[in-house]
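Structure, as structure tokens:
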């Protein structure tokens with residue numbers, strides 16, 4: 001089981017290199033695959049009949065190639081899938097941007113070499129625009145906020161302020177984002193430099209609750225002036241724990257729950273909280289379509305306890321024994337605006353960069 005996966009990066013990498021080389025000269029030997037018919041057949045099935053049919057066909061297909069952004073997929077999810085079904089899983093892991101570029105390059109060279117992609121909502125939206133994703137339909141009960149037009153999310157990554165419990169007493173913990181405008185937080189805050197998705201959600205939230213654009217700009221400039229710019233959520237979270245700063249304003253909730261919850265805390269919850277949707281979607285050109293669908297179903301059921309806390313908030317909490325909600329059920333917790341990020345993401349990235357750098361404009365032109 002582990003022997004095949006240990007060869008995965010080299011095998012997939014070599015095949016990819018061959019495809020990319022062919023795209024620079026002679027035409028690729030890989031023909032596009034369209035599994036619409038297969039996906040339509042299985043998507044029309046439910047329950048045990050769907051599961052049993054997928055298992056039977058997936059065993060005939062003999063394997064599965066998964067491209068993922070999650071370390072937990074290779075460490076826990078793939079071994080659990082292999083143990084249950086006896087189907088070998090090859091895993092390639094990279095950052096969201098690197099994963100997207102690899103898939104697009106492979107597509108330009110003939111077709112992607114993976115059967116399943118596991119990544120974020122905005123990256124999925126980009127791949128969907130290129131018509132690279134297969135149709136995935138399921139009646140597995142998941143949080144409705146995770147059902148996007150092109151994917152069914154398996155977990156949420158929540159971005160919100162987290163504080164060091166040694167440096168911030170419970171009585172002094174902030175209650176709302178505006179609290180961070182106070183001069184007492186000068187030099188004690190951190191903002192991650194690539195969190196324009198959180199910034200867009202914050203803007204949407206406050207504008208929908210009656211705050212003027214001018215007041216929002218004033219508030220955010222004061223918060224930015226009190227903050228240092230950091231890079232990398234995991235490294236920045238570790239620096240928060242060590243006491244490098246008191247509050248990481250754009251931290252990830254699963255780092256709090258998966259590591260040492262005593263060193264840091266996110267309660268009381270300071271909203272708005274940005275939810276990024278992540279999940280596993282079969283590729284339209286999958287060489288192993290039944291195995292791809294079986295993996296996506298597994299991701300929403302038996303893999304949910306493995307994803308819980310380590311990767312994020314599960315979208316099917318009924319599959320997690322003893323699950324307790326981590327966030328309040330109110331409008332300060334909102335799914336990010338992937339549609340705007342898809343079309344205007346560069347503008348919001350530039351505006352957020354200006355905010356952190358003390359420049360203008362801090363809201364994209366034309367945004368009311």
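The values are calculated or read from the model by the stated rules, or taken from the named source; none is laboratory data. Here the structure is a predicted model, which means the values were calculated and not measured. With ideal geometry, Cβ positions are generated from the backbone for all residues, glycine too; neighbour counts draw on all protein chains shown.
For residue 297, all conditions in the list (1) at pLDDT 95 or above; (2) farther than 25 Å from residue 178 by Cα; (3) crowded, with 22+ Cβ neighbours inside 10 Å hold save one; what is the number of the exception?
(3)
When the residues of the range 256-275 are filtered to those that are surrounded by 23 or more Cβ atoms within 10 Å (Cβ to Cβ) and under 30 Å from residue 89 (Cα atoms), which remaining residue is farthest from the chain's Cα centre (by Cα)?
Ranking the qualifying residues of the range 256-275, first place goes to 256.
Is it fair to say residue 107 is surrounded by 12 or more Cβ atoms within 10 Å (Cβ to Cβ), part of a helix (DSSP H, G or I) and at pLDDT below 85?
On the way: surrounded by 12 or more Cβ atoms within 10 Å (Cβ to Cβ): yes; part of a helix (DSSP H, G or I): yes; at pLDDT below 85: no.
Answer is no for this residue.
Return the residues of the range 71-96 that are out of contact with any helix residue (DSSP H, G or I) (no Cβ under 8 Å at 6 or more places or on another chain) and under 26 Å from residue 131 (Cα atoms); say none if nothing qualifies.
73, 95
Just need a number here: residues in the range 82-100 that are surrounded by fewer than 19 Cβ atoms within 10 Å (Cβ to Cβ) and either out of contact with any strand residue (DSSP E or B) (no Cβ under 7 Å at 6 or more places or on another chain) or without any contact (Cβ under 8 Å) to a residue 40 or more places away in the chain (or both). Give the derivation first.
Start the filter on the range 82-100 by keeping residues that are surrounded by fewer than 19 Cβ atoms within 10 Å (Cβ to Cβ), which leaves 82-86, 94-98.
When the remaining residues are screened for being either out of contact with any strand residue (DSSP E or B) (no Cβ under 7 Å at 6 or more places or on another chain) or without any contact (Cβ under 8 Å) to a residue 40 or more places away in the chain (or both), the result is 83-86, 94-98.
Count: 9.
Inspect the range 202-217 for any residue being at positive phi and touching a residue at least 60 places away in the same chain (Cβ under 8 Å) and give the result as yes or no.
Residues of the range 202-217 at positive phi: 210.
Next cut, touching a residue at least 60 places away in the same chain (Cβ under 8 Å) only: none.
No: the range 202-217 contains no residue that is at positive phi and touching a residue at least 60 places away in the same chain (Cβ under 8 Å).
When both residues are 6+ apart or on different chains and their Cβ atoms are under 8 Å apart, which pairs have a first residue that lies in the range 354-366 and is in contact (Cβ under 8 Å) with a residue 40 or more places away in the chain, and a second that is surrounded by 12 or more Cβ atoms within 10 Å (Cβ to Cβ) and part of a loop (DSSP other than H, G, I, E, B)?
Between residues of the range 354-366 that are in contact (Cβ under 8 Å) with a residue 40 or more places away in the chain and residues that are surrounded by 12 or more Cβ atoms within 10 Å (Cβ to Cβ) and part of a loop (DSSP other than H, G, I, E, B), the close pairs are 355/362; 356/193.
Across the range 48-81, what is the number of residues that are in contact (Cβ under 8 Å) with a residue 24 or more places away in the chain and either over 16 Å from residue 290 (Cβ atoms) or touching a strand residue (DSSP E or B) at 6+ places or on another chain (Cβ under 8 Å) (or both)?
Residues that pass the stated criteria total 18.
Yes or no: residue 40 surrounded by fewer than 18 Cβ atoms within 10 Å (Cβ to Cβ), in a loop (DSSP other than H, G, I, E, B) and either over 26 Å from the mean Cα position of the chain (by Cα) or at pLDDT 90 or above (or both)?
Values: surrounded by fewer than 18 Cβ atoms within 10 Å (Cβ to Cβ): yes; in a loop (DSSP other than H, G, I, E, B): no; either over 26 Å from the mean Cα position of the chain (by Cα) or at pLDDT 90 or above (or both): yes.
No, not satisfied.
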